[in-house]
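Inspection log for the structure reproduced underneath, given as structure tokens.
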């Protein structure tokens, strides 16, 4: 058995014969040709926001996460702000479009969706993965018919010139970047002019002072997992595509019948710690939207995709196990952040007996992304309980339905 197929399977979701056949064939071939060994951890996540939104978004991120502002890279049409925890965890690249009228491929991915089009430049773009040999990895992937932007394309889009970047996925609308870097060297992004922007530095320092004053230092840990929502018919192919582009393996899938959806988890072959390379989760409806009028089943996942497009739904951050001021750490984190005006979609759910507690924030007005906090107890290894994920999915669906109603109401004025 190949390395990538040697991990235990979890979950109760029944996959198709197509999925099971190609899962084995793709991963075994990936191991055999050396791609599994050559592709390593997630180096960075790329997010783009609308004009004049990045400073406020960085203020939000620096309060709600352990990220620190590092530097800003200025190019002709974009500001790209680099946020970092340390060299063991992925960076965040927050990219702001300067001109609200600028058009491009990433904007076009938003414009056909009713809520996504309201913030046309605001979206999660994808992950950058570290590789040992950029030319070799790209050549192998091109032989598998994956398509990449040319060097000229990358220059025109003002993305880092030392990356190879895939064309957006037809299933998730995300891109995958590859960055060649030795494990012990510093991450560098070849883009524009580097500076410390005073306005960004001010909001960063304010957020970190607030974290310290509210007793949040050391409680919010690096990213635990990334959750992408896709159409029901694209669940299996989206997973297989990601496994082909990365060195992740299929951890398993759970059927969340209460919400007519499934939650599907992939994890890194190389790193047990999600803080180094976060788990990638795919959520999809069990049935397509056009049968909903017949079956009257819950439809939160498909509703999200129809309103925003296939995209990242939330970034989950781990919370240190333990208590602060007599409260479990996750309760303390949520109470203190809520006191600063940040909304949450529900109360903290789960229990110590079940192994973990979780909560969703409201979606960011700047990126449309939700922050999830997860506190595990006693080394619990799972990502959710079925009851927890059903409640989270329902809460997010209610929030998205309200947004859809607001958008429709605005359009009728």
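Each value in this text was obtained by applying a stated rule to the coordinates, not by laboratory testing. The model shown is predicted, which means the values in this text are computed figures rather than measured ones. Here the Cβ is made from the backbone with ideal geometry for all residues, glycine too, and neighbour counts use every protein chain on show.
Expressed as a rounded percentage, what relative contact order does the range 38-211 have, with Cα pairs under 8 Å and six or more residues apart? Numbers along the way, then the final one.
Numbers: 321 pairs, mean separation 53.1, N = 174.
In percent, rounded to a whole number, it is 30.
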In percent, how large is the relative contact order of the chain, given Cα pairs closer than 8 Å and 6 or more residues apart? 18 percent
Within the range 164-184: backbone nitrogen closer than 19 Å to the residue 155 label point (7 Å, Cα to C-beta): 164-166
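Taking only C-alpha pairs under 8 Å that are 6+ residues apart, what is the relative contact order of the range 137-229 in percent? Walk me through the numbers before you get to the answer.
Numbers: 55 pairs, mean separation 17.6, N = 93.
Contact order relative to length: 19 percent.
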What does DSSP give for the range 215-412 in terms of the percent of beta bridges that are antiparallel, rounded to the nearest 5? 75 percent
Rounded, prolate or oblate (a/c below 1.5 giving rounded, otherwise prolate when a/b exceeds b/c) for the range 130-278 by Cα gyration tensor: oblate
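Based solely on its DSSP helices, what 222 nm [θ] is calculated for the chain when runs of n ≥ 4 H residues each add -39,500 (n - 2.57) and the sum is averaged over all residues, nearest 500 deg cm²/dmol? Can you show the working numbers first?
Details: 12 runs with 133 residues, N = 413.
My calculation for the chain gives -10000 deg cm²/dmol from helical runs alone.
Considering only DSSP beta bridges whose two residues both sit in the chain, what percent are antiparallel, to the nearest 5? Mind showing how you got there, number by number?
Values: 58 of 84 bridges.
Counting only bridges with both partners in the chain, antiparallel ones make up about 70 percent.
What is the packing order of peptides 286-292, 224-230, taking the mean over residues of other C-beta atoms within 10 Å and listing the highest first? Please report the intermediate quantities before stating the final value.
On the way: 286-292: 14.3, 224-230: 24.6.
The most tightly packed comes first, giving 224-230, 286-292.
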What is the range 38-211 by shape, rounded, prolate or oblate, if you read a ≥ b ≥ c off the alpha carbon gyration tensor as root eigenvalues and call it rounded for a/c under 1.5, prolate for a/b larger than b/c, and oblate otherwise? oblate
Using the 10 angstrom Cβ neighbour count as an exposure proxy, how do 293, 81, 270 rank, fewest first? 293, 270, 81
Rounded, prolate or oblate, given the Cα gyration tensor of the range 215-412, with a/c below 1.5 counting as rounded? oblate
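How much length would be gained if the chain were fully extended between residue 206 and residue 111, taking 0.36 nm per residue of separation minus their Cα-Cα distance, in nm to one decimal?
Values: separation 95, 0.36 × 95 = 34.20 nm, distance 3.47 nm.
Working it through step by step, the gained length comes to 30.7 nm.
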Based on the mean of other beta carbon atoms within 10 Å per residue, what is the order of 142-155, 66-79, most packed first? 66-79, 142-155
